[in-house]
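Every number in this text was worked out from the coordinates using simple rules, so none of it is lab data. Just so we're clear, the structure is a prediction, and the values are computed from it rather than from any experiment. Here the Cβ positions follow ideal geometry from the backbone for every residue, glycine too, while neighbour counts run over all protein chains shown.
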Amino acid sequence: MKKKMKKSGRRKSVAGAARGTKPVAVKAQKTTQRGAGANPARVAAILAKLDEAYPAASCELTHGNAFQLLISTILSAQCTDVRVNQVTATLFPKYPTAEAFAHANPAELEREIRPTGFFRNKTKSIMGASKAILENFGGQVPRTMEEILTLPGVARKTANVVLGTAYGIASGVVVDTHVQRLSQRLDLTRNEDPKKIEQDLIEIIPTEKWILFSHQLIWHGRRVCVARKPRCIECNLEKLCYSKDRTI
Ligand code: SF4
């Protein structure tokens with residue numbers, strides 16, 4: 001009986017979307033912090049719309065290999081990809097390997113990456129990660145979540161970016177500021193903590209979609225569903241969205 005009631009709630013929400021009316025949020029289940037909109041049919045509809053809008057979304061950090069992507073991702077904390085790409089355009093030719101970064105002059109490296117912000121911590125992370133890669137992983141960025149998380153300055157977000165984009169390994173979902181905001185606006189999660197948001201997304205997004213889905217949400221967050229005033233009039237998810245932040 002219980003099951004039947006849940007099913008009919010889902011149908012109501014999706015049917016509303018299909019007719020082009022404003023979808024109605026169903027009540028959140030008590031046992032989860034996942035959003036009420038995280039039912040399979042609605043998630044599938046959102047994924048289809050993201051595929052339609054961003055079939056080839058990809059990482060916008062310029063990199064030539066997994067190591068460079070790792071460095072760029074560390075630099076991208078609290079900084080735009082555009083700024084990071086400007087800095088790495090001269091940084092990577094000067095430090096072409098993990099060895100070069102590991103033996104860099106810290107004060108010099110700090111100066112070089114200063115435009116990306118938090119340059120002292122980032123220098124420590126870059127040099128520490130480079131040394132660990134040389135000493136523990138034979139000069140190669142490791143390919144497992146467990147191993148990559150042992151590198152200084154590398155948490156799940158960076159690990160997911162590198163494993164997913166450089167190696168094509170679906171280890172999880174990247175939860176940056178855009179993925180966090182959009183997952184909440186689309187009512188896929190009601191969590192605030194990125195780790196919990198990732199768990200919610202992992203449960204509802206098919207594994208084979210994890211990598212692309214992260215890129216698609218980041219692209220949508222940069223181009224349309226921006227933080228301050230989302231451009232809902234341009235949004236192809238508008239009929240599926242009942243966020244309080246909607247501008248139309
Ligand atoms: S309708 Fe507006 S708030 Fe909803 S996903 Fe689109 S841009 Fe974001």
Query raised in the report: Out of the range 223-238, which residues are part of a helix (DSSP H, G or I) and either within 6 Å of the ligand (Cβ to nearest atom) or touching a Pro at 6+ places or on another chain (Cβ under 7 Å) (or both)?
Result: Cys232, Glu238
Report task. Report yes if Ile126 is touching a Phe, Trp or Tyr at 6+ places or on another chain (Cβ under 8 Å), in a helix (DSSP H, G or I) and of a type in the set (Val, Ile, Thr), otherwise no. Result -> yes
Query raised in the report: Identify, please: which residue in the range 192-222 is assigned to a loop (DSSP other than H, G, I, E, B) and farther than 16 Å from Lys49 by Cα and is, among those, farthest from the ligand (Cβ to nearest atom)?
Result: Asp193
**Report entry** Scan of the range 232-247 for residues that are surrounded by 13 or more Cβ atoms within 10 Å (Cβ to Cβ) and of a type in the set (D, E, K, R), ordered by number
**Finding:** Glu238, Lys239, Asp245, Arg246
Report summary line: Flagged in the range 88-123 as over 21 Å from Glu60 (Cα atoms), buried (at least 20 other Cβ atoms within 10 Å of the Cβ) and not hydrophobic (A, V, I, L, M, F, W, C), in numbering order, are Thr123
Report summary line: All-but-one check, Arg181 against (1) charged (D, E, K, R); (2) within 16 Å of the ligand (Cβ to nearest atom); (3) surrounded by fewer than 18 Cβ atoms within 10 Å (Cβ to Cβ); (4) without any contact (Cβ under 8 Å) to a residue 60 or more places away in the chain, failing number (3)
